[in-house]
Amino acid sequence: MPGHLSSTTPGPRALSVIIPAYCECDNILQTLDNVTGALQPLTLTYEVLVIDDGSTDGTAALVVINERNMGFGWSYRRGVEAASLEHIVMVHGDNAWGRETLGEFFSHVGEADVIIGYTRRMARSRSWRRTAISKAFTLLVNLITDRRLQYYNGLQIHRAAVLKSLRIESSGYGFQAEVLVKSLRLAKTFLEVPMDLIERKKGQSKAFRLKNLIDVARTVRLLYGLERTSTPERPSAPVPGR
Ligand SMILES: Nc1nc2c(ncn2[C@@H]2O[C@H](COP(=O)(O)OP(=O)(O)O)[C@@H](O)[C@H]2O)c(=O)[nH]1
Ligand SMILES: [Mg+2]
């Protein structure tokens, strides 16, 4: 069962926040603090679901539990199933986003079918090597999908009904691009919002675990097949006037 915190503040917009966490005992409490601190001043109904994924470092004692490590995408799917509000966002559990940037991002809930966060000035918080890999991945997915997006691996706010209807195949890191591409194929509008990454202060990135590299390669192949063999239901466009 995912850990569950909720607020019933009345308001027109409602957001479920999913936090997948794998071995983040040094980061998860601060992440929760930033997320709830960012949500509180906004007139949003919200719930926060923390999905611990077979962590071996004691994270599970702080939140709740997948019996064994099932993957980042798998945990996301579990969060999507459990989420009960109109919009859904996933926040990384490694305390990589500060309260201010989260609050600014969450304030856009409902302004478009998909709200896409991207990291501005990534090279300030990440190594040049990681930044280059990230940019190359974005370029590749843009080429496959014929889009000009800034980023596929950041925070994204989706309409719950659309997200719950998607078949998400990736169980690892690739799910972020898969979800975004599939969701945009059903969306009329999207909005890109710059965010400030502070990057994790504790623990290691799990992005380059072998299973994640394989998962990302599979996802790229899947998206290539998808875009080649079928056209999107509706061509999505940026919110007018931005
Ligand atoms: N549930 C789950 N979460 C994971 C797994 N691997 C990474 N994460 C989470 O995904 C988020 C991003 O991971 P991170 O290693 O910081 O990747 P990076 O930010 O791309 O370098 C963090 O909150 C991790 O705890 C996993 O196997 N399962
Ligand atoms: Mg990280």
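The values are calculated or read from the model by the stated rules, or taken from the named source; none is laboratory data. What you are looking at is a predicted structure, and each value in this text was computed from that prediction instead of being measured. Neighbour counts are summed over all protein chains in view; Cβ atoms, including those assigned to glycine, are modelled from backbone coordinates with ideal geometry.
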Does Thr131 satisfy the criteria of being touching a Leu at 6+ places or on another chain (Cβ under 8 Å), among the polar types (S, T, N, Q) and either surrounded by 15 or more Cβ atoms within 10 Å (Cβ to Cβ) or within 20 Å of Ser205 (Cβ to Cβ) (or both)?
no
Cβ-Cβ below 7 Å, separation at least six or inter-chain, first residue in segment 198-227 and of a type in the set (Gly, Ala, Ser), second crowded, with 17+ Cβ neighbours inside 10 Å: which pairs?
Gly203/Cys23; Gly203/Glu24; Gly203/Asn27; Gly203/Asp94; Ala207/Tyr173
Lone unmet requirement of (1) within 22 Å of Glu104 (Cβ to Cβ); (2) part of a helix (DSSP H, G or I) for Gly79
(1)
Phe72 passes all but one of the listed conditions (1) within 12 Å of ligand 1 (Cβ to nearest atom); (2) more than 30 Å from Ala237 (Cβ to Cβ); the exception is number (2)
Looking only at residues in segment 50-74 that are assigned to a helix (DSSP H, G or I) and either more than 16 Å from ligand 2 (Cβ to nearest atom) or charged (D, E, K, R) (or both), which one is surrounded by the fewest Cβ atoms within 10 Å (Cβ to Cβ)?
Ala61
The number of residues in segment 82-95 that are at pLDDT 95 or above and within 16 Å of ligand 1 (Cβ to nearest atom) is 5
Hits in segment 114-150 - residues which are closer than 19 Å to Tyr173 by Cα and touching a Ser or Thr at 6+ places or on another chain (Cβ under 6 Å):
Met122
Any chance you could count how many residues in segment 112-154 are aromatic (Phe, Trp, Tyr), more than 14 Å from Val220 (Cα to Cα) and within 16 Å of the chain's Cα centre (by Cα)?
2
Hits in segment 42-55 (condition: over 20 Å from Glu86 (Cβ atoms), free of Cβ contacts under 8 Å to residues at least 40 places away in the same chain and not small (Gly, Ala, Ser))
Asp53
Restricting attention to segment 30-49, which residues are in contact with a Leu (Cβ under 9 Å, 6 or more places away or on another chain) and within 16 Å of ligand 2 (Cβ to nearest atom)?
Leu32, Asn34, Val35
Any residue at all in segment 75-86 that's without any contact (Cβ under 8 Å) to a residue 60 or more places away in the chain and surrounded by 15 or more Cβ atoms within 10 Å (Cβ to Cβ)?
yes
Residue, farthest from ligand 1 (Cβ to nearest atom), within segment 21-41, restricted to residues that are part of a loop (DSSP other than H, G, I, E, B) and touching a residue at least 40 places away in the same chain (Cβ under 8 Å)
Pro41
If I go through segment 190-212 residue by residue, how many of them are within 16 Å of ligand 2 (Cβ to nearest atom), in a helix (DSSP H, G or I) and more than 16 Å from the chain's Cα centre (by Cα)?
0
When the residues of segment 210-242 are filtered to those that are buried (at least 17 other Cβ atoms within 10 Å of the Cβ) and not aliphatic (A, V, I, L, M), which remaining residue is nearest to Tyr118 (Cα to Cα)?
Ser236
Between Glu100, Glu67, which is modelled with pLDDT of 95 or more and over 16 Å from the mean Cα position of the chain (by Cα)?
Glu100
Does segment 176-185 hold any residues that are in contact with a strand residue (DSSP E or B) (Cβ under 9 Å, 6 or more places away or on another chain), away from ligand 2 (no atom under 14 Å from the Cβ) and of a type outside the set (Ser, Thr, Tyr), and which are they?
Val179, Leu180, Leu184
Quick one: Tyr118 ticks every box in (1) more than 23 Å from Ala237 (Cβ to Cβ); (2) within 15 Å of ligand 2 (Cβ to nearest atom); (3) surrounded by fewer than 21 Cβ atoms within 10 Å (Cβ to Cβ) except a single one, so which number is it?
(1)
